[in-house]
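The values are calculated or read from the model by the stated rules, or taken from the named source; none is laboratory data. These numbers come from a predicted model, not from an experiment. Positions of Cβ are backbone-derived with ideal geometry, glycine not excepted, and every protein chain shown enters the neighbour counts.
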2 protein chains.
Amino acid sequence: MGTLTEENYIKSIYSLSLATGEVFVSELAKKLEVKLPTVNSMVKKLAAKKFVAYAPYQGIKLTDKGKKEALAIIRKHRLAELFLVKVMGLGWEEVHEIAEQLEHVNSERFYNRMDELLNYPKADPHGEPIPDTHGKIPTEKRTPLSAQKEGKKVKIIAVSVDQKSFLDHLNAKGLQIGDTIMIVKRELFDGSVTILKSQKEIVLSHQVSENILVSGDET
Amino acid sequence: MGTLTEENYIKSIYSLSLATGEVFVSELAKKLEVKLPTVNSMVKKLAAKKFVAYAPYQGIKLTDKGKKEALAIIRKHRLAELFLVKVMGLGWEEVHEIAEQLEHVNSERFYNRMDELLNYPKADPHGEPIPDTHGKIPTEKRTPLSAQKEGKKVKIIAVSVDQKSFLDHLNAKGLQIGDTIMIVKRELFDGSVTILKSQKEIVLSHQVSENILVSGDET
DNA sequence: ATATAATGTTAGACTAATCTAATAAATTAA
DNA sequence: TTAATTTATTAGATTAGTCTAACATTATAT
């Protein structure tokens, strides 16, 4: 375990490097809302502690140790979110901020008890998978709603953003994780998508539909 | 709200100054496990922020602002402890450490929801009163078990220490908050006390009995 | 292929929280 | 009532995390 700040860097490096396996100083600086030199010196420190592999002017990569640390934090964050929703009755759009704080609580007991009370859940309220104590992530095929063929029937399994404004929008449209929907129409002009959920048509902008993840393959 | 460190200083100042209304630099240093100059500079900072009133070589006193802050932190700590016991099923002897971390979580929503789920409780698992959102503390007359007359029947309402070793000891003796007991004998020699709880005699050392608080007046 | 733009690094300073060593004030004891 | 002891303060250094300004490298665009 590192400091709170180190944990936040590791978490961000993890999520930003998911796609390509590495992340650049500028991306991290933007995400963490600090200046480039700050990231630079922090990354050197994380490298000294063997959380990341890094050479000047190259991308930053997590080591196995760093990945393990990242997954431990993510596990805590997602368990906390689900706990806040299921046990404490809060809304999925308001738990992210609280979980950002709870994820730094250091207590195996606290988190293992949560896991137990929630009956070893596989995903958080946004559909994101919850790593187990060994850092193992349950995987399920998922693609953006925006990439689905017209006529296809799919299940919403996750959202790829957890900003309150976005979740509020989904709440307003009456959409949630687990819903089965049918793709009615994809507009070429603006990329908006019309879907059918229990007899009701719902129109989603491209920006929204690309952040809704559904079961199954790409088109 | 101050920093985490400031919050810990304010909390300690509050508890150490409960009896006399003030606390000395050396006491604080001991409690917080830091050196005197560290406390000295921190106290100057807290004074600049109007959390404490302080003049060199004098005792440290919380201002009204400081008291309010202290009570807000204590409220969060005690709610968290009770929540961990009642909702999460942890033991009263293991929740203190976790609550020390949870008390710094910044979320009205989180704590008010806890309060609601616990049905606006008056005391934590150790019997300590829980301040309300305005910092008001429910009071109840309480005196150490060690100061009770032989033959008296009293109810255990709190413990004045929450070290795991002490609570483990009470668990082993089968005593808990809410128990009604009778004082059988007070030994003059070593101050130990023999009590009766549901037909069973239990012997408690002076050190233990002075940290068990019971209903009612002094002898 | 060189100039320009974008990105990354180094140097040096700042704040928060801590420390040790030296000094000062207050208290206690002779 | 002075000396010794305890307690508190000041001065100066250290580490973590941040910043700005200056410089260096890499990428991009004529």
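A compact table of results
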| read-out | value |
| --- | --- |
| Residue identified as within 10 Å of DNA strand C (Cβ to nearest atom), of a type in the set (D, E, K, R), more than 14 Å from chain A (Cβ to nearest Cβ) and surrounded by 13 or more Cβ atoms within 10 Å (Cβ to Cβ) among B:K45, B:K30 | B:K45 |
| Selection from the range B:7-26 of residues that are under 19 Å from the mean Cα position of the chain (by Cα) and part of a helix (DSSP H, G or I) | B:E7, B:N8, B:Y9, B:I10, B:K11, B:S12, B:I13, B:Y14, B:S15, B:L16 |
| Sole exception among (1) within 14 Å of chain B (Cβ to nearest Cβ); (2) basic (K, R); (3) under 17 Å from the mean Cα position of the chain (by Cα); (4) more than 16 Å from A:L82 (Cα to Cα) for A:K164, by number | (4) |
| Within the range A:86-114, tally of residues that are in a helix (DSSP H, G or I), touching a helix residue (DSSP H, G or I) at 6+ places or on another chain (Cβ under 6 Å) and touching a residue at least 24 places away in the same chain (Cβ under 8 Å) | 4 |
| Condition check for B:T143: in contact (Cβ under 8 Å) with a residue 24 or more places away in the chain, of a type in the set (S, T, N, Q) and assigned to a strand (DSSP E or B) | yes |
| Complete set of residues in the range A:202-216 that are closer than 15 Å to A:D168 by Cβ and either part of a strand (DSSP E or B) or among the polar types (S, T, N, Q) (or both) | A:L204, A:S205, A:Q207, A:N211, A:I212 |
| Residues of the range A:120-155 that turn out to be of a type in the set (A, V, I, L, M) and within 15 Å of the chain's Cα centre (by Cα), as a count | 3 |
| One residue from A:E81, A:E93 being surrounded by 16 or more Cβ atoms within 10 Å (Cβ to Cβ), modelled with pLDDT under 95, more than 16 Å from DNA strand C (Cβ to nearest atom) and not assigned by TED's automatic domain parsing to the domain that holds A:D168 | A:E93 |
| Leading residue by the ranking (surrounded by the most Cβ atoms within 10 Å (Cβ to Cβ)) among those in the range A:1-22 that are within 16 Å of DNA strand C (Cβ to nearest atom) and among the hydroxyl-bearing types (S, T, Y) | A:Y9 |
| Odd one out for A:K136 among (1) surrounded by 14 or more Cβ atoms within 10 Å (Cβ to Cβ); (2) modelled with pLDDT of 90 or more | (1) |
| Top-ranked residue of the range B:84-122 - restricted to ones that are within 18 Å of B:I177 (Cα to Cα) and of a type in the set (A, V, I, L, M, F, W, C), ranked as farthest from the other protein chains (Cβ to nearest Cβ) | B:W92 |
| For B:L145: the one exception among (1) closer than 16 Å to B:E6 by Cα; (2) surrounded by 21 or more Cβ atoms within 10 Å (Cβ to Cβ); (3) not small (G, A, S) | (1) |
| Residues (outside any loop (DSSP other than H, G, I, E, B) and under 21 Å from the mean Cα position of the chain (by Cα)) located in the range B:27-51 | B:E27, B:L28, B:A29, B:K30, B:K31, B:L32 |
| Boolean, B:K185 is loosely packed, with under 15 Cβ neighbours inside 10 Å, in contact (Cβ under 8 Å) with a residue 12 or more places away in the chain, basic (K, R) and part of a loop (DSSP other than H, G, I, E, B) | no |
| Unique match (being in contact (Cβ under 8 Å) with a residue 24 or more places away in the chain, of a type outside the set (F, W, Y) and part of a helix (DSSP H, G or I)) among A:G66, A:G127 | A:G66 |
| Residue in the range A:20-39 that is more than 28 Å from B:I98 (Cα to Cα) and touching a residue at least 40 places away in the same chain (Cβ under 8 Å) present | yes |
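Residue-by-condition table, conditions (1) more than 18 Å from B:P131 (Cβ to Cβ); (2) crowded, with 18+ Cβ neighbours inside 10 Å:
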position	(1), (2)
B:K49	yes, no
B:V52	yes, yes
B:G59	yes, no
B:L62	no, yes
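Here's the yes/no breakdown for (1) modelled with pLDDT of 95 or more; (2) not aliphatic (A, V, I, L, M):
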{"site": "B:T20", "(1), (2)": "no, yes"}
{"site": "B:V34", "(1), (2)": "yes, no"}
{"site": "B:P37", "(1), (2)": "yes, yes"}
{"site": "B:F51", "(1), (2)": "yes, yes"}
{"site": "B:D64", "(1), (2)": "yes, yes"}
{"site": "B:E69", "(1), (2)": "yes, yes"}
{"site": "B:G89", "(1), (2)": "yes, yes"}
